[in-house]
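Single-structure report; data block below.
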Amino acid sequence: MDNSRATDWERPLYVSIYPLLAAGNNNAGSLRFVQQLKPRTFKPVEQYFVRELKRYGKNLEQPVVITLHSVVQSQPPVLENAAGRLAVGIWSLKMRYWAWRAAGSVEGVAGDVRIFVSYHPAGGQDLLERSTALRKGYIGLVNARASRSSNAKNNIIIVHELLHTLGASDKYNLSSGQPLVPQGLADPQRKPLYPQKVAEIMAAQIPLSSSRWRSPANIGQTMVGSETAAEVGFLYD
Ligand SMILES: [Zn+2]
């Protein structure tokens, strides 16, 4: 494992998922939800990597192996919305320290990548924008919704942040949310270009026109585009 990537996709990438309740979430339903999470909830994430690597000519039985750990009881450091460079740097150091302690506080050996899934109460809007990942340290922080009906959408954010830890960049306009052309399009060759049928995973939205888009319902409605594939080593021989 070097600094540039966690995997050459020659051996399985081990991904640890650590659920936790979001700060201030005292909801009894959320608590029940996180305590009853099952590994199968995250199976689609494993299957996604099998499918997408296959499209890029890599036939691997299990490229990603997910372990679900028990609920973490502490809270990650808070990153303010308007944080400048220095504040982000300090936050990422704190985050790496917190991740190390939090992963050590529950059973099981941490994988190559640690994804902390912070569950907010059910309902309300998607939380992709507030999710984040640190490439250094291979740590993802996913903001998710604590309901079974949100599992499919939560898995989109998990894949998105996991790919960030492996070096993938965002492929949407950070202020408007519009997927970038061509790298944010799952099928940049499509004629006519719009509407696209699925989302590029790092754009995370399905573009309907040059100014409109909609959210995919599950990772089945997303693909790894060629630029992302190059960034995360899908194209290495
Ligand atoms: Zn992102």
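The values are calculated or read from the model by the stated rules, or taken from the named source; none is laboratory data. None of the values given here were measured: they were computed from a predicted structure. As a convention, Cβ positions derive from the backbone with ideal geometry for all residues, glycine included, and neighbour counts pool all protein chains shown. Remember, those area values only see protein heavy atoms, side chains included, never the ligands or the DNA or RNA. Shrake-Rupley method; radii C 1.70, N 1.55, O 1.52, S 1.80 Å.
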(Q) How large are Rg and Dmax for region 171-237 when calculated on the C-alpha trace, in angstrom? (A) 11.4, 37
Q: With no solvent and one equal point scatterer placed on each C-alpha of region 1-123, evaluate the Debye formula and give log10 I(q)/I(0) for q = 0.12, 0.14, 0.15, 0.21 Å⁻¹, two decimals.
A: -0.57, -0.76, -0.85, -1.22
Q. Expressed as an acute angle from 0 to 90° and rounded to the nearest 10, what is the orientation of the C-alpha long axis of helix 85-104 relative to the principal long axis of the chain?
A. 60 degrees
Q: Counting only trypsin sites (Lys or Arg not before Pro) that are in a DSSP loop and have at most 14 other C-beta atoms within 10 Å, tell me the longest site-free stretch of the chain.
A: 1-135
Q) Each label point is 7 Å from the Cα along the Cα-to-Cβ direction; what then is the distance between the points at Leu174 and Ala87, in nm? A) 1.4 nm
Q: Hand me the tally of lysine pairs in the chain: alpha carbons under 25 angstrom apart, and the pair either on different chains or 8 or more positions apart.
A: 17
Q: Using a 1.4 Å probe over the heavy atoms of the protein chains, calculate the carbon and sulfur portion of the accessible area of region 63-137 as a whole percent.
A: 54 percent
Q) Using Cα pairs under 8 angstrom and six or more residues apart, how large is the relative contact order of the chain, in percent? A) 20 percent
Q. So, in Å, what gap is there between the alpha-carbon centers of region 130-184 and region 42-119?
A. 11 Å
Q.
Over the chain, with the other protein chains present, what is the accessible area per residue in square angstrom, probe 1.4 angstrom?
A. 51 Å²
Q) What FRET efficiency would be calculated for the residue pair Ser211, Glu46, taking the C-beta separation as r and a Förster radius of 30 Å, to the nearest 0.05? A) 0.25
**Q.** Where GluC sites (Glu not before Pro) fall in DSSP loop in region 1-66, at most 12 other Cβ within 10 Å
**A.** Glu10, Glu61
Q. Around Ile139, with a cut-off of 13 angstrom between Cβ atoms, what is the net charge of the other residues, counting Lys and Arg +1 and Asp and Glu -1?
A. +4
**Q.** Estimated 222 nm signal from helices in the chain, with DSSP H stretches of n ≥ 4 weighted -39500 (n - 2.57), rounded to 500
**A.** -8000 deg cm²/dmol
Q: At a temperature of 4 °C and a viscosity of 1.567 mPa s, determine how fast the chain diffuses translationally according to Stokes-Einstein, using the Kirkwood radius over alpha-carbon pairs as Rh; express D in µm²/s, rounded to the nearest whole number.
A: 71 µm²/s
